[in-house]
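The values are calculated or read from the model by the stated rules, or taken from the named source; none is laboratory data. All values reported here derive from a predicted model rather than from experimental measurement. Cβ placement follows ideal geometry from the backbone for every residue including glycine, while neighbour counts extend to all protein chains displayed.
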Amino acid sequence: MAKHFTGPSSHIYFSQRLRLHYVDWGNHDAPPMLLIHGGRDHCRNWDWVAEHFADEYHIIAPDLRGHGDSEWESSGSYNQINYAYDIAQLLQQKEMDDVTIIGHSLGGAIALMYTALFPERVKKLVAIEGMGPSPALAAKQAEISMNDRVRSWVEEMRKLSGRLPRRYDTIDDAFQRMREENPHLTEEQARHLTLHGANQNEDGSFSWKFDNYVRVFSMSGLPNDEVKKMYGEITCPTLLIRGEESWASDPVADGRTQCFNCPLEYQSFAKAGHWVHHDQLEKFTERVRKFLRD
């Protein structure tokens, strides 16, 4: 494991007129690595992974729009196309090519989309449960008419417009909620994620940093079938990862890996849920290191 770091430096970049935040772990002469967090997470959830690889890579980790210390989308409409554009802007402005990307959940989906769009710019890709709905769930969703889907989206957006960010009386209350969300977390992990993932309000209470509107899947995104077709454009070696205690289905067993034409590896982890990189940190980094080395 790399030596202990005091932490990364914070930086700002702009994309579609939004003020977006990312952290940089230094080591600028090393090969570039990009870490993309999942929905309702933030860039500092990668700190433990970054410490393992910061001696070998120049690591940057963005806060997605609507998350962490990045600005919120004024329309309240978030979709993978705009997220992918933000990543394209960040890597363009940092002049990073031949980059290694690791993404989790929503971040994994964004990583897959970006790599499909710009395969010449990605050296290796790791996606932790980033392939979206299983074929069974996608088929169930397809049974719903487009009219009903849009009506449901309108209703969800209307409800969210009146939903205020939840307030916790103390940071310890927020910490307890974090532990409830993922019981695999150690106390140290949960406290770290809470401290970096919450803001203190003017009345002294605490709220999570993410925009509540990120909970709703935008109607302006690409259809699921078209996204899967894009995976065939990925050319770099790709590692798909899943936690065996996660709600996400096995992409090999359900056939989703058939979308890929690139060199593909798959790894599942026992005693891990959706956040594999937290739940089995040492085994995860060991497996990723082997993938990057081979």
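Scanning segment 260-270 turns up no residue that is of a type in the set (A, V, I, L, M, F, W, C), within 18 Å of the chain's Cα centre (by Cα) and either under 15 Å from HIS104 (Cα atoms) or in a loop (DSSP other than H, G, I, E, B) (or both).
Just a yes or no: is a residue in segment 154-162 farther than 28 Å from SER246 by Cα, surrounded by fewer than 11 Cβ atoms within 10 Å (Cβ to Cβ) and in contact with a helix residue (DSSP H, G or I) (Cβ under 9 Å, 6 or more places away or on another chain)? There is at least one residue in segment 154-162 that is farther than 28 Å from SER246 by Cα, surrounded by fewer than 11 Cβ atoms within 10 Å (Cβ to Cβ) and in contact with a helix residue (DSSP H, G or I) (Cβ under 9 Å, 6 or more places away or on another chain).
Here is a list: ALA127, ALA138, ALA174. Which entry is over 21 Å from SER207 (Cα atoms), part of a helix (DSSP H, G or I) and not polar (S, T, N, Q)?
On the way: ALA127 fails: part of a helix (DSSP H, G or I); ALA174 fails: over 21 Å from SER207 (Cα atoms).
After ruling out the rest, the residue left standing is ALA138.
Restricting ILE110, ILE101, ILE87 to those that are within 24 Å of GLY221 (Cβ to Cβ) and in contact with a Gly (Cβ under 7 Å, 6 or more places away or on another chain) reduces the list to ILE110.
The set of residues from segment 186-208 being crowded, with 20+ Cβ neighbours inside 10 Å and either assigned to a loop (DSSP other than H, G, I, E, B) or not hydroxyl-bearing (Ser, Thr, Tyr) (or both) comprises GLN189, ALA190, LEU193, GLY197, ALA198, PHE206, TRP208. Kindly indicate which of GLY107, GLY76, GLY132, GLY68 is assigned to a loop (DSSP other than H, G, I, E, B) and in contact with a His (Cβ under 7 Å, 6 or more places away or on another chain). Criteria check complete, one pass: GLY68.
Return only the number of the condition from (1) at pLDDT below 95; (2) within 21 Å of TRP275 (Cα to Cα); (3) out of contact with any helix residue (DSSP H, G or I) (no Cβ under 6 Å at 6 or more places or on another chain) that HIS104 does not satisfy. Unmet condition: (1). Taking every residue in segment 173-195 that is free of Cβ contacts under 8 Å to residues at least 12 places away in the same chain and under 16 Å from GLY38 (Cβ atoms) and pairing it with any residue that is crowded, with 20+ Cβ neighbours inside 10 Å and among the hydrophobic types (A, V, I, L, M, F, W, C), at least 6 positions away or on another chain, yields no pair with a Cβ-Cβ distance below 7 Å. Determine, yes or no, whether ARG151 is of a type in the set (Lys, Arg), crowded, with 16+ Cβ neighbours inside 10 Å and out of contact with any Gly (no Cβ under 8 Å at 6 or more places or on another chain). When the stated conditions are applied, ARG151 does not pass them.
Among the residues of segment 254-262, is there at least one that is of a type in the set (Ser, Thr, Tyr), surrounded by 13 or more Cβ atoms within 10 Å (Cβ to Cβ) and without any contact (Cβ under 8 Å) to a residue 40 or more places away in the chain?
The initial filter retains those residues of segment 254-262 that are of a type in the set (Ser, Thr, Tyr), namely 257.
Narrowing the set further to residues that are surrounded by 13 or more Cβ atoms within 10 Å (Cβ to Cβ) leaves 257.
Pick out the ones that are also without any contact (Cβ under 8 Å) to a residue 40 or more places away in the chain and you get 257.
The answer is yes; a qualifying residue exists.
Annotation note: Cβ proximity below 7 Å between a residue of segment 1-20 that is under 14 Å from ILE59 (Cβ atoms) and a residue that is at pLDDT 95 or above and of a type in the set (D, E, K, R) (sequence gap 6+ or interchain) occurs for ALA2/GLU51; ALA2/ASP55; PHE5/GLU51; PRO8/ASP24; SER9/ASP24; HIS11/ASP24. Pairing residues of segment 224-236 that are among the polar types (S, T, N, Q) with residues that are in a helix (DSSP H, G or I), at Cβ distances under 7 Å and at least 6 apart in sequence or on separate chains, gives ASN224/ALA138; THR235/PRO119.
Within segment 28-48, which residues are under 18 Å from LYS123 (Cβ atoms) and assigned to a loop (DSSP other than H, G, I, E, B)? Can you show your working first?
Of segment 28-48, the ones under 18 Å from LYS123 (Cβ atoms) are 28-36.
Once the filter is applied, which keeps residues that are under 18 Å from LYS123 (Cβ atoms) and assigned to a loop (DSSP other than H, G, I, E, B), segment 28-48 yields HIS28, ASP29, ALA30, PRO31.
Do we find a residue being farther than 21 Å from SER70 by Cβ, modelled with pLDDT under 95 and touching an Asp or Glu at 6+ places or on another chain (Cβ under 6 Å) anywhere in segment 173-196? Yes, segment 173-196 contains a residue that is farther than 21 Å from SER70 by Cβ, modelled with pLDDT under 95 and touching an Asp or Glu at 6+ places or on another chain (Cβ under 6 Å). Taken over segment 75-93, the criterion of being free of Cβ contacts under 8 Å to residues at least 24 places away in the same chain and under 29 Å from ARG158 (Cα atoms) is satisfied by SER75 alone.
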